[in-house]
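**Student:** Have a look at this one before I ask anything.
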Amino acid sequence: MSLVTNGVLEALLTKLKGIFDTKVDKVSGKGLSTNDFTTEEKEK
């Protein structure tokens with residue numbers, strides 16, 4: 001008896017796709033926190 005069935009694999013793939021769809025890509029030159037607001041935005 002196998003615990004890994006097509007249904008289990010499909011559920012796992014669905015879960016993984018959801019995780020990768022919400023992944024945030026790394027932006028070159030950015031750190032964990034940066035000051036991206038312009039002076040105009042700050043003054044609003």
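**Student:** Listed residues SER2, SER28; which is at pLDDT below 90 and open to solvent by less than 100 Å² (accessible area, probe 1.4 Å)?
**Tutor:** Only one candidate passes the filter, namely SER2.
**Student:** Just to check your reading of the model, which residue among THR39, THR22 is open to solvent by 100 Å² or more (accessible area, probe 1.4 Å) and at pLDDT 80 or above?
**Tutor:** Working: THR39 fails: open to solvent by 100 Å² or more (accessible area, probe 1.4 Å).
Of THR39, THR22, the one residue that is open to solvent by 100 Å² or more (accessible area, probe 1.4 Å) and at pLDDT 80 or above is THR22.
**Student:** When the residues of the stretch 29-44 are filtered to those that are outside any loop (DSSP other than H, G, I, E, B) and acidic (Asp, Glu), which remaining residue is farthest from the chain's Cα centre (by Cα)? Break it down stepwise before answering.
**Tutor:** Within the stretch 29-44, the subset outside any loop (DSSP other than H, G, I, E, B) is 39-42.
Now narrow it down to the ones that are acidic (Asp, Glu): 40-41.
On the way: GLU40: 30, GLU41: 27 Å.
Top of the filtered list is GLU40.
The values are calculated or read from the model by the stated rules, or taken from the named source; none is laboratory data. Everything numeric here is computed off the predicted structure, so don't read it as measured data. Each accessible area value is taken on the protein alone, full model and side chains, heavy atoms only, with ligands, DNA and RNA left out. Shrake-Rupley method; radii C 1.70, N 1.55, O 1.52, S 1.80 Å.
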